[in-house]
Amino acid sequence: MTRKLTVAVLALVIALVMAAPAFADGPAHSSRTALPTVNVFGAASLRNVFPAMVTTFKNARPMYKDRRFAFNFQGTDVLTAQIQQGAPCDIFAGASTKYGTLLAKGGFIDTPVNFCQNTLIVITPKSNPAGLHTLADLAKPGVLVSIGDAAVPIGTYTRTVLTNLNGLYGATYKTSVLANVVSTEVNVSAVAALVQLGEVDAGFVYQSDAYSAGTSVKRIAIPAAYQTSPLPTYPIALTKSCTTPIISQRFVDYILGRAGQRIMTSYAFLPKPVTP
């Protein structure tokens, strides 16, 4: 009796082990295989292009068609703080090399690689109620302007551009525009949303956000000579705590490759900077 009971228990244990979900980082082999989600922490300006990137990535690599990607789009400063505090993240993709360097030096991510760049532009509501047509108009009293918070990359870049524009419009231009700022937002998506809703007369956003807004906004270009130098540059890297290293690295490689770069530029991003 004892021998029969032992064999039965052993058989049950083997059956349970065989039925248990596998958590290897690789393609699913059956409907019962439960693989970990790829957690991507991305700058807010990537909220449209990255989901599209995942779709084409899966189409190019059918073995990953059932893998789930979860996105956390925030200001890069917020993403950095979350990673530092231990939030589960596999891939970091920020909008400023400052934060990529900070996380790498802190031992939170691998050495980051720059995968695209961007430029700044001013957008107004489609109806343009304030009648803004040039950058000079932003300094007129009573204009309602939205920009990013100083801690967010878009906010830092905006203030640099305003400083640069002092050389075109005079030493008080930046001060006059900042006096018209009625909202400082935690990410660029919030700035774009306020403009699209008509809550403000103008906002400083990335070119890619203006592209995503389509015909719902009008645009006032910022000449290349007054953009930041270097241009807004986006770093990407796997985190040290990455639980999906194989698929995560393949996704990063896809973004850096020819197909991924075509997708980035189709969303009005600039391609990755050329390494000297």
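The values are calculated or read from the model by the stated rules, or taken from the named source; none is laboratory data. This is a predicted model, so every value here is computed, not measured. Cβ: placed from backbone, ideal geometry, glycine included. Neighbour counts: every protein chain shown.
Let's see how each residue does on (1) surrounded by 19 or more Cβ atoms within 10 Å (Cβ to Cβ); (2) polar (S, T, N, Q); (3) not in a strand (DSSP E or B):
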| position | (1), (2), (3) |
| --- | --- |
| Pro230 | no, no, yes |
| Tyr234 | yes, no, no |
| Leu238 | yes, no, no |
| Ile246 | no, no, yes |
| Phe251 | yes, no, yes |
| Ala259 | no, no, yes |
| Pro273 | no, no, yes |
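Within the range 92-126, if we keep just the residues that are of a type in the set (Lys, Arg) and over 19 Å from Val152 (Cβ atoms), the residue that is farthest from the chain's Cα centre (by Cα) turns out to be Lys126. The set of residues from the range 201-228 being part of a strand (DSSP E or B) and β-branched (Val, Ile, Thr) comprises Val205, Val217, Ile220. When Gly107, Gly100, Gly94 are checked against the criterion of being loosely packed, with under 14 Cβ neighbours inside 10 Å and in contact (Cβ under 8 Å) with a residue 40 or more places away in the chain, Gly107 stands alone in meeting it.
Residue count for the range 95-130 under the criterion of being within 21 Å of Ser216 (Cα to Cα) and touching a Gly at 6+ places or on another chain (Cβ under 6 Å): the result is 2. For the range 43-137, the strands (runs of 3 or more DSSP E) that sit wholly inside it and include 1 or more residues that are over 24 Å from Pro273 (Cβ atoms) and modelled with pLDDT of 95 or more are 69-74, 120-125. Residue by residue through the range 172-188, note down the ones that are of a type outside the set (A, V, I, L, M) and either at pLDDT below 95 or in a helix (DSSP H, G or I) (or both). If the condition is that a residue be of a type outside the set (A, V, I, L, M) and either at pLDDT below 95 or in a helix (DSSP H, G or I) (or both), then Tyr173, Lys174, Thr175, Ser176 are the ones that fit.
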